[in-house]
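Below: the structure, in structure tokens.
Bear in mind that the values in this text are calculations on the coordinates, not laboratory data. Keep in mind it's a predicted model, so treat the numbers as computed, not measured. With ideal geometry, Cβ positions are generated from the backbone for all residues, glycine too; neighbour counts draw on all protein chains shown.
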Amino acid sequence: MSLFLRRLFFVFAFLPAFLNGQENQEVMGSFGKFIDAGDLKKHLSVLASDKYEGRETGKRGQKRSARYLAKEFKKIGASPPGDTSYFQTFELSFKGHDTKDTGKKSITKVKTENVIAIIEGSDLKEEVIVISAHYDHLGVKGKKVYNGADDDGSGTVALLEIAQAFAEAKRAGYGPRRTIVFIAFTGEEKGLLGSKFYVSNPTYPLEKTVCNLNIDMVGRIDKAHEKDTNYVYIIGSDMLSTQLHALNEKANELYGKLGLDYKYNDPKDKNRFYYRSDHYNFAKNNIPVIFYFNGVHEDYHRDTDEIHKINFWMLEKRARLVFYTAWLVANQEKRITVDKKPPSR
Ligand SMILES: [Zn+2]
């Protein structure tokens, strides 16, 4: 359906509905359909192309990606926080690549930016839900461009589509009660540095940050699920808040019905995935998180992590699950509570 027809359809189908109970969930289901495999592919074919040079933090490809994201957020109708800039710019220092193979790594200092866009809430707008994905990747090494289609091109384009679904809902009169904050993080591959900067310099107070839904690698199928590909790994959902965990399961029960795999949902798991993406910087601050993840594959951190290997149907389903969970958390009467102690490292 064309965008125009889709919009027309929603206006007529849901004009008389009210924002509670069953109807609210039906409305939610319908707007999830704006998250679309075709659009995800369109965005990813830009960001994971050689022109974006592997999106390395501080480099030209990362800046190009930041501009693309800001432009797309604007098009969608997701505004910059405080109506000023989509960019949270700062300086980062990290150990650079050992390009000459001398065994020494020099300290690199760069200017870089997180890209932040919001859909402002209504009566509970002071409270925010952060949905995030890192848009940086490994750059170019020698003649190899590390396009990172899955890591984390997949999460980055999911972010754009989820923002679009919330924007369309708001335009039709079904905006979220709490504010949704979309953050495309830089510096993740250098050690979760973009999210580290954000939690020390938050755009919205951390006390008002209800949860973080972080999407990092959601476009592939791992070995363990080759036969039944309808899955996503859920990590961290029950570590701080029983309610967040329950809402994610409810969202999945209502729509999507993916197999939620909790295999890695264990801080003691030897892979330590719970500590390995941007959500951890929120969890550290006692903010409930969910990390959505497809598991590792043979192309992980290799120049073969390319777009033609992405399963866009599964990417669409996983992105929709994040949207539905965010919708339920955003529209609940009461803010979800933190009722558990953080796991010790
Ligand atoms: Zn990643």
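Okay, here's what the table says:
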item	result
Values of log10 I(q)/I(0), in the order q = 0.12, 0.15 Å⁻¹, for the chain under a Debye, Cα-only, solvent-free model	-0.80, -1.30
Normalised alpha carbon radius of gyration of the range 278-345 [divisor 2.2 N^0.38 Å]	1.47
Considering only the range 3-331, percent of DSSP beta bridges that pair antiparallel, nearest 5	50 percent
Assigned charges on the beta-carbon of Lys, Arg, Asp, Glu; the chain dipole about Cα centre (debye)	860 debye
Globularity ratio of the range 225-300, using Cα Rg and 2.2 N^0.38 Å	1.12
Highest average packing first - 224-233, 41-50, Cβ atoms within 10 Å	41-50, 224-233
Convex hull volume per residue for the range 192-345, taking Cα atoms only, in Å³	122 Å³
Segments 333-344, 70-81 sorted - mean Cβ within 10 Å per residue, highest first	70-81, 333-344
Estimated D of the range 141-236 in µm² per second, where Rh is the Kirkwood radius over Cα pairs and Stokes-Einstein applies at 25 °C, 0.890 mPa s	153 µm²/s
Calculated [θ] (222 nm, deg cm²/dmol) that DSSP helices of n ≥ 4 give over the chain, each run adding -39,500 (n - 2.57)	-10500 deg cm²/dmol
